[in-house]
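Here's the structure we're looking at; comments come further down.
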Amino acid sequence: MGAAWLFLFAVFMAGALLFGMIFFIVNFSDLESDYLNPVDLCNKLNKLVVPENAVHGSLAILFLLSGQWVAFALNAPLVAYNVNKIINKQHTYDATEIFRTIDKHKKQCFIKAGFYLFCFFYYLYRMIAALVAESQ
Amino acid sequence: MSKTASGRTQWEIPQGAPVQGLQPTGSPPPVQHTKRRQYAAGQTQAYYGADGLADPTFAGGAQQQPVAGGQLFTPGLVGEHQFQAQQGQQPGQPAYYQPGQEPEYINGPAYGQPPQPAYAQAPIDALAGQFGQMGMGGQKQFQLYTTNLLTSPPEPRELYRPPPEIRLPPNSCISPSPLANSDPSYKRSTLNAIPTTASLLSKAKVPLALVITPYRSLKEGEEPVPLVTDTVIARCRRCRTYINPYVQFIDGGNRWRCCMCNMSNEVPQLFDWDQVRNQPGDRWARAELNHSVIEFVAPTEYMVRPPQPAVYVFLIDVSHTAVQSGMVATATRTILENLDRIPDEDQRTKVAVICYDVSLYFFSLPPGSTDPTMLVVSDIDDVFLPKPTDLLVNLAEARTTLESLLGRINDMFQENSIVGSAMGPALQAGFKLMSPIGGKILVLSSSLPSVGAGALKNREDPKILGTAKESGLLQAASPFYKTFAIECSRAHVSVDMFLFSAGYTDVASLACLPHYTSGQTYYYPAFNAARSEDALKFAHELGEVLAMPIMLEAVMRVRASRGLRMASFHGNFFVRSTDLLAMPAVPQDQSYAIEIQIDESITTPFVVFQTAVLHTTCYGERRIRVITLALPTTTNLSEVYASADQVALATLFANKAVERALTHKLEDSRDYIFQKLVDILVSYKASMTSGGAGASAQLAISENLKMLPVLVLGLLKNVGIRQSAQIPPDIRAYSQSLLTSLPSQLLIPYIYPTFYSLHNMPPEAGTVGENGIILPPALPLTSERLERHGLFLIEDGQTIFLYVGRDAVPQLIMDVFNLPSYEVLRGGKTTLPVLENAFSQRVNAVIQKTRESRRGVYYPHLYVVKDDGEPPLRLWALSALIQDRADVLPSYQQFVSSLKDKVNGIGGGY
Ligand SMILES: [Zn+2]
């Protein structure tokens, strides 16, 4: 029963993270088409970077604690990447350099969104698999 | 093929045949040779008596006499001898200058003035001929001349030539005025013929970019920028382009067609009305249709708020170190002396003075009183203004109070023993004071900010210099300086930094503020006002900054014809949206570089780039400065090469190198520009020479890009980029801030210094000619040219070295320095005396002219460098001779030969 609940929770989290990334991408596009200025953009997005990383990190820890090794291994690289960025203080967006780096940021967001989408279906599959296993 | 005296072969001409007698040779014909000899003898006699001529050591031009000392010699590679022989003057070879013609050139047309006929026809000047004497009628084609870098040494004179001429198709311009296209000192493009497709551009490997100095200073005798006062501003409805000489009038003159987007627009009703005389006017005489650089008086639609007055807030460090170095005394005296020069025509200019150590000292300056009151704020964590009024005062009204304050500040803090700096809180206080208006903050700091917001630590670590971690030291240590810069930019506040510290002061972090607020950083390492040269330099530069008419509340936007897009921006400003640059207070002579992308194929025969700077003058008038540059397009690769501007390219590379050094590593930045150069050479070889892709014994480049390799070498050897484990990060960071803000006219000497031989300069050098003081001919930057008995001047726009050979005769020392002999002469910072003899006056005139001839506020220090004097100073001076080998850095010959290997597909880096 525990695994099913865990993956149900994970499905919701992955969905939330996916929406978060889409929100980032939309904002970057707004910046490129001058609907938003770089200062507002950075103020807005920088508030969300740490929560996003925290949600993802705590999900990974949850997998670790409940012994879901595959799910944990799937998320570990991204956790390491995020932690490394925070330690080096490179996790925030710099309004003075944003136009020079926007392509890189957008690419990152797209990759992350793709990853979360994959996770979403993987967790869904694991949840169903767990439910099936329990009902048998 | 023709072989010239210089041994250069012109082995391929892809387009057409060269005009007879116009071979692109850099050397004059051997005719002048006798003159030179006579002249050298004359000089020698002047200094050594007639018998001096017999001594080969003293016979200046007759024989090369390299200076002793290992540092000066380039280790002899086999192939180098031939090369050096060409660089040096040999008895049988023509001189590099001709007393009769040379000075005309050196003092001749500045950048961009069309070559005068006399100049173009001079035998020395085939290059100008190449550009100047093209066929009449029809669109003139660019002629491509190929030169071999291995056999043609750099010729400094090439750098003073105008860029390849812009050849627009006939009838593209509605004005016959020569001013209808932009002068290169305002705006120049790396390519003067724009490729029609992105693939052609990428094939050429030459980056496309604009170098813009929208607000350059005017020299004496230059026409001011024409002003359109009638507020009839015709702009394209679709793309917002301002009307310019490249639009077309259609529909009987009732409409005009935009040159960028082809939109048909209505001509405004009052366009043909002379509002001054109140009568019909002549449309064709309107300034905006005849001038490429123009200012419009802006109507109220262009204002978010009424034009604000100019505001100057001085933040003066009064800590123990600041007072002891004499900075406070010099600064206050300079401000006092320059109060009259601060722009204040409309009597609206406001001024505030805040002093700080670890506390803030405000001064209340009630108008009419002569007694300023000091208010101390020690709470620096939450900065507040101690008084709502009288801190920021009207300059004219509070003049007497201000004068008495400035006269007293140094005495007030004379005994101050507090060490430390609350620069961050002082900045916040200054910002609070002026943020409703905007304006300029001038920070004068003698120590590393140590308390409050923006406090910095000494992070200088000799162990990481020269390693991959070094670029970390060149980035801002505290986010404060970026976030505060953005706040400033929003409130139209610009910050200038004057840094004096003897120790580490983290220029890299502090320079962020000027960088993002269109200010400027000035650095005076180990400043000591007791040395009159230090005080003089600082006082001159601060005075110039104060007197400068600045543009306030400015935003800049560059528009271009359809298909072209401004892709990335370099320089001192904040990029506020994809193509809008925010510049709170634009100083004069600051340069910006913008890279351009070709998004879609261009179908028009020419394209237009228009820079518009909306600003408030410091006299309270809202204006728009518009700079229009039209360039032809081409589908021909050889035209792309023939139209490339090496000076603009070097300026762009300087910006790219610094950007790369900050985002990657210093090493990456050097590799990057080296690779860019290799790419150009490879592509040129493959497409423009018969050699194709195979190995070649030559290294081909077009004549107009001949100096690019030596400029790149100069950049690789510049303090800001150079490979070294000995350059303090402060010096590097300062140099980088210069590399990204100097206009080409200052940047080129900064990476390729000028080098004159003074002891045997032509008789007219140093005297007043038609165009002011005549300069001696510039020499190539190699120690080959140093002579043991000589006197030389090396100058990079920031520093002047007077290099004295160890065998300089007493008469020379006496004439220039008023000292009996070389032995008693001391090296170091000096003020050169003006003595009662012609030679001293000429040397002083040359120095004076070099100081004046550049744009910008800089007043270079003059160092006397003795041939056998202190090694560090001597090495510093000699490091300016960039064609020599120094440590791990290659000589020009080695550099070119490694380029050749690389182009032929062999070998690694430079
Ligand atoms: Zn238009």
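The values are calculated or read from the model by the stated rules, or taken from the named source; none is laboratory data. Fair warning: this is a prediction, and the values are worked out from it, not measured in the lab. Reconstructed Cβ throughout: ideal geometry from the backbone, glycine too, with neighbour counts over all protein chains shown. With ligands, DNA and RNA removed, areas are computed over all heavy atoms of the protein, side chains included. Shrake-Rupley method; radii C 1.70, N 1.55, O 1.52, S 1.80 Å.
Computed per residue of the protein assembly as shown from DSSP H runs no shorter than four, each worth -39500 (n - 2.57), the mean residue ellipticity at 222 nm is -11000 deg cm²/dmol.
Across 10 Å bins from the origin, how do the percents of Cα pairs in the stretch B:311-549 run, short distances first? Percent of Cα pairs in each bin: 8, 34, 39, 16, 3, 1.
About the Cα centre of the stretch B:163-268, how large is the charge dipole given +1 on each Lys and Arg Cβ and -1 on each Asp and Glu Cβ? Please answer in debye to the nearest 20. Around 580 debye, computed over the stretch B:163-268. Can you give the Rg/Rh ratio of the stretch B:210-259, where Rg is from the C-alpha atoms and Rh is the Kirkwood radius? Across the stretch B:210-259, the Cα-based Rg/Rh ratio is 1.08. Think of each Lys and Arg Cβ as +1 and each Asp and Glu Cβ as -1; about the Cα centre, that makes the dipole of the protein assembly as shown roughly 2400 debye. Note on chain A: Cα-only Rg and Dmax are 16.8, 59 Å. Per residue, the solvent-accessible area of the protein assembly as shown (1.4 Å probe, heavy atoms of protein chains only, all protein chains present) comes to 38 Å². What's the magnitude of the charge dipole for the stretch A:50-136 around its Cα centre, counting Lys and Arg as +1 and Asp and Glu as -1 at the beta-carbon? Answer in Debye, nearest 20. With Lys and Arg at +1 and Asp and Glu at -1, about 240 debye.
Buried surface between chains A and B: roughly 1100 Å² of accessible area, summed over both sides, computed with a 1.4 Å probe on protein heavy atoms only.
Taking 0.36 nm per residue of separation and subtracting the current Cα-Cα distance, fully stretching the chain between B:Asn818 and B:Glu266 would add 191.6 nm. The slack in the chain from B:Ala838 to B:Thr373, taken as 0.36 nm per residue of separation less the alpha-carbon distance, amounts to 162.0 nm. The loop-placed trypsin sites (Lys or Arg not before Pro) in the stretch B:463-497, going by DSSP, that have at most 15 neighbouring Cβ atoms within 10 Å of their Cβ come out as B:Lys469.
In the stretch B:640-683, burial by the other protein chains removes 30 Å² or more of 1.4 Å probe accessible surface, compared with the chain on its own, from B:Glu659. Of the DSSP H helices in chain A, those with a Cα length along their own long axis of 27 Å or more and a mean Kyte-Doolittle hydropathy reaching 0.0 comprise A:2-32, A:38-65, A:98-135. Solvent-accessible surface, computed for protein heavy atoms with a probe of 1.4 Å, shrinks by 40 Å² or more for the following residues of the stretch B:468-490 when the other protein chains are added to the isolated chain: B:Lys482, B:Ile486, B:Arg490. Applying both filters, DSSP loop and at most 16 other Cβ atoms within 10 Å, to the GluC sites (Glu not before Pro) of the stretch B:791-897 gives B:Glu836. Legend: calculated FRET efficiency, B:Lys432 to B:Arg408, from the Cβ-Cβ distance at R0 = 25 Å, rounded to 0.05, equals 0.55.
Any residues in the stretch B:578-594 that have 40 Å² or more less accessible area with all protein chains than in their chain alone, probe 1.4 Å, and which are they? Residues meeting the cut-off: B:Thr578.
Applying a DSSP loop filter and a limit of 11 other Cβ atoms within 10 Å to the trypsin sites (Lys or Arg not before Pro) in the stretch A:22-94 leaves A:Lys89.
For B:Val304 and B:Tyr619, a Förster radius of 30 Å and the Cβ-Cβ distance give a FRET efficiency of 0.95, rounded to the nearest 0.05. Label-to-label distance, B:Trp273 versus B:Glu764, with points set 7 angstrom from Cα along the beta-carbon direction: 5.5 nm. Working note: Karplus 6.51/-1.76/1.60 with θ = phi - 60° gives the stretch B:628-638 the couplings 10, 10, 10, 10, x, 9, 8, 10, 10, 4, 5 Hz, where Gly and Pro are set to x. Between rounded, prolate and oblate, where does the stretch B:815-891 land on the alpha carbon gyration tensor, with a ≥ b ≥ c its root eigenvalues, rounded for a/c under 1.5, else prolate if a/b exceeds b/c? Note, shape of the stretch B:815-891 comes out oblate. Between B:Arg565 and B:Arg257, the distance separating the two model label sites (each 7 Å from Cα on the Cα→Cβ line) works out to 2.7 nm.
Distance between the 7 Å Cα→Cβ label points at B:Asp381 and A:Asp30: 3.6 nm. Computed in the context of the full set of protein chains, the accessible area of the protein assembly as shown at 1.4 Å probe radius has 56% of its extent on carbon or sulfur. Please give the Cα centre distance for the stretch B:858-883 versus the stretch B:150-172, rounded to the nearest Å. About 31 Å separates the Cα centre of the stretch B:858-883 from the one of the stretch B:150-172. For a label point 7 Å from the Cα of A:Ala133 along Cα→C-beta, name the residues of the stretch A:55-75 whose backbone N is under 16 Å from it. Residues A:63-74 qualify, since their backbone N sits under 16 Å from the label point.
Available extension along the chain between B:Val297 and B:Arg490 is 67.1 nm, counting 0.36 nm per residue and deducting the alpha carbon span. For the stretch A:1-80, the alpha-carbon radius of gyration amounts to 1.34 times the rule-of-thumb value 2.2 N^0.38 Å expected for a compact globular protein. Using only the C-alpha atoms, the convex hull of the protein assembly as shown corresponds to 206 Å³ per residue.
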